[in-house]
């Protein structure tokens, strides 16, 4: 699993999620707040083996169920480092482990000591030496090299023989994973639910929910946040849409305060002295896409052509990433994006902040970041249009 997987709408109240392994080096790891929010929805979450054991040790007091030896070792404090369970994996979709995690090495050393293959002192020395090896480099070859340097070639030979007869020998993470699956498939005990008073609905979590909100429309699976950003940037009428949204929030506050039209609220704030600041500069509420009514209001003017353009731009971003290794929209320079916004909105640099907040962005910097997602497609379309014009002029 990775950051965002638990936002999948298919995970519903009464379901059980078994968290075992996950990415954390090449992509953001699964966050604690995601797990807490999932449990808040009535989902039982079981953790074991790898990042599942680590997260369960951190969250078992809040209602997450931990299973297995690795989980118990983290809870007892016998181990505490992330790289105890970390492995390097083959690229692509295979995800086969290419290295040994420390928990498995610790386990085989305990077996070897119990069977008299190594002494306790040798086992401790080998474990410390293997701990010093960076986790993506703890291959079987590295393990054997460490054994030779510490005059423990007999242990290396013994380990090789055990692995030849059983390729899963010493795989403590696998054993714990099987226990977790058995626990999930057994008649579950009553779900304890999230511990009362646990706070998980933070500003960061709301941003994550916005980021991972995806809806299927017109046969296209599009991120709702991208659809909203497209309207904010490219629809010249969107400032009116945003003001209407602010008026709705003013009439229907969610904090229990009195509702009133936006104009009346402004009058109460400024009294007899009109505010020199526009409404959108005074009120910058975050957008929460979990409320279905919010995207319905803000995307009311969206067309099928808009959605098709977003899908086309997304495909162009993917093509650019394949043809230019290391590229992603976030790497586009702010200056280029800022210039594109100034041209689209027909304003000067000193007016960009006001133009951005009038469209519901938190700031001009926020608008610049959102614009980056559309830059490759926009530049392509502008180039095509320029070529067409040159051709027409030449005829």
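The values are calculated or read from the model by the stated rules, or taken from the named source; none is laboratory data. This is a predicted model, so every value here is computed, not measured. All Cβ positions, even for glycine, are placed from backbone atoms using ideal geometry, and neighbour counts span all protein chains on display.
So the values come out like this:
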| quantity | calculated |
| --- | --- |
| Selection count where residues are farther than 18 Å from residue 173 by Cβ, part of a helix (DSSP H, G or I) and touching a strand residue (DSSP E or B) at 6+ places or on another chain (Cβ under 9 Å), scope region 37-59 | 3 |
| All positions within region 60-104 that are closer than 22 Å to residue 168 by Cα, more than 20 Å from the chain's Cα centre (by Cα), touching a residue at least 60 places away in the same chain (Cβ under 8 Å) and not in a helix (DSSP H, G or I) | 67, 68, 85, 101 |
| Unique match (being modelled with pLDDT under 90 and either closer than 30 Å to residue 39 by Cβ or surrounded by fewer than 21 Cβ atoms within 10 Å (Cβ to Cβ) (or both)) among 68, 120, 88 | 88 |
| Qualifying residues in region 235-263 (those that are in a loop (DSSP other than H, G, I, E, B) and within 15 Å of residue 294 (Cα to Cα)) - the one nearest to the chain's Cα centre (by Cα) | 254 |
| Top-ranked residue of region 114-141 - restricted to ones that are assigned to a helix (DSSP H, G or I) and out of contact with any helix residue (DSSP H, G or I) (no Cβ under 8 Å at 6 or more places or on another chain), ranked as farthest from residue 81 (Cα to Cα) | 114 |
| Selected residue (only one of 211, 230 is under 30 Å from residue 298 (Cβ atoms), in contact with a strand residue (DSSP E or B) (Cβ under 9 Å, 6 or more places away or on another chain), modelled with pLDDT of 85 or more and surrounded by 15 or more Cβ atoms within 10 Å (Cβ to Cβ)) | 211 |
| Elements of type helices (runs of 4 or more DSSP H) contained in region 295-369, each with 1 or more residues being under 24 Å from residue 277 (Cβ atoms) and at pLDDT 95 or above | 334-345, 352-358 |
| Some residue of region 49-61 being closer than 23 Å to residue 179 by Cα, in contact with a helix residue (DSSP H, G or I) (Cβ under 6 Å, 6 or more places away or on another chain) and assigned by TED's automatic domain parsing to the domain that holds residue 162 | no |
| Selection status of residue 157, surrounded by fewer than 19 Cβ atoms within 10 Å (Cβ to Cβ), within 20 Å of residue 84 (Cα to Cα), out of contact with any strand residue (DSSP E or B) (no Cβ under 7 Å at 6 or more places or on another chain) and not assigned by TED's automatic domain parsing to the domain that holds residue 82 | no |
